Amino acid sequence: MQAHEIDYHIYGEEMQYVEIELDPQEVVVAEAGSFMMMDNGIKMETIFGDGSGQQSGVLGKLLSAGKRMLTGESLFMTAYQNQESNKKKVSFAAPYPGKIVAIDLMKYGGRFICQKDSFLCAAKGVSVGIEFSKKLGRGLFGGEGFIMQKIEGDGMAFVHSGGTLARKELQAGEVLKVDTGCIVGFTKDVDYDIEFIGGIKNTLFGGEGMFYATLRGPGIVYIQSLPFSRLAGRIIMASGMTGGKEEGSLLGGLGNLLDGDNRF
């Protein structure tokens, strides 16, 4: 085992947090800003990247941090180490209403692909990298752009979703069609692509964008009912504010496509 073996418990319903139990010298790595509380005796340290390359010198640290820059995340993460001789607990909270998902990478073949901002925390030794889209259409219109997050290793990782969470287990060849923004993540064997909805009325007046995602099994897929981008968009609309792009214009629509938002 390369990653630390951590115990955990998830509390709450709509606004969840995960409590990690650390044995002596065990470490958990988390996104900046996700910390909630911890016992006395746990040391907090800011590190480059995810900590998985900390033994490979300056170059390894820079590469680890550089991967996070490509996904739009901070260069730094925070490591929490239990420095006492007995067990200690540290807790991390989801940033908005939804569910926290515990991912046992050992059960998923050592890799899990997720949306760029869903990672919350993981055992030290788990690598948080990038997954480039190999398909041009998926990259341009897939809702997540060309780059998604790739979580690799043999330990526990935790991701968060918005709203209610659905877990789908797809059989070989089974296809699930999903709104592109509603994807939380999927296992490594799932084939992810995008499909044009079709029809002039659907495209211009359907209100669901021009594309949806197709997920083909075998594998496990996690779907969220309320993506944060959708929630933020409704809040902006209700407040009367407008974004930097003219949202009702053709230019604004093209800008949304390039940003990874397929809605006009």
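Under a crude label model (7 Å from the Cα following the beta-carbon direction), how far is Lys177 from Asp191 in nanometres?
With each label placed 7 Å out from Cα toward Cβ, I get 1.7 nm.
Can you compute the modelled spin-label distance between Met44 and Met15, with each label point 7 Å from Cα toward Cβ, in nm?
Result: 1.9 nm between the two label points.
Using the basic label-point model (7 angstrom from Cα toward the beta carbon), what is the Ala32 to Glu169 distance in nanometres?
4.0
If you add up the charges near Asp23, with Lys and Arg at +1 and Asp and Glu at -1, over every other residue whose beta carbon is less than 14 angstrom from its beta carbon, what do you get? Display every interim value, and only then the final one.
Numbers: positive: Lys87, Lys88, Lys89, Lys124; negative: Glu5, Asp7, Glu21, Glu26, Asp39, Glu84.
Net charge around Asp23: -2.
Length gain on complete extension for the stretch Lys107 to Asp154, per 0.36 nm per residue less the alpha carbon to alpha carbon distance?
Stretched out fully, the Lys107 to Asp154 stretch lengthens by 16.1 nm.
Under the 0.36 nm per residue contour assumption, what length would be gained going from the current alpha-carbon distance of Ser225 and Gln83 to full extension?
Using 0.36 nm per residue and subtracting the Cα-Cα distance, I get 47.1 nm.
Values quoted throughout were computed directly from the atomic coordinates according to the rules given, and no laboratory measurement underlies them. Note that the structure is a prediction, hence the values are computed from the model and not measured. Here the Cβ is made from the backbone with ideal geometry for all residues, glycine too, and neighbour counts use every protein chain on show.
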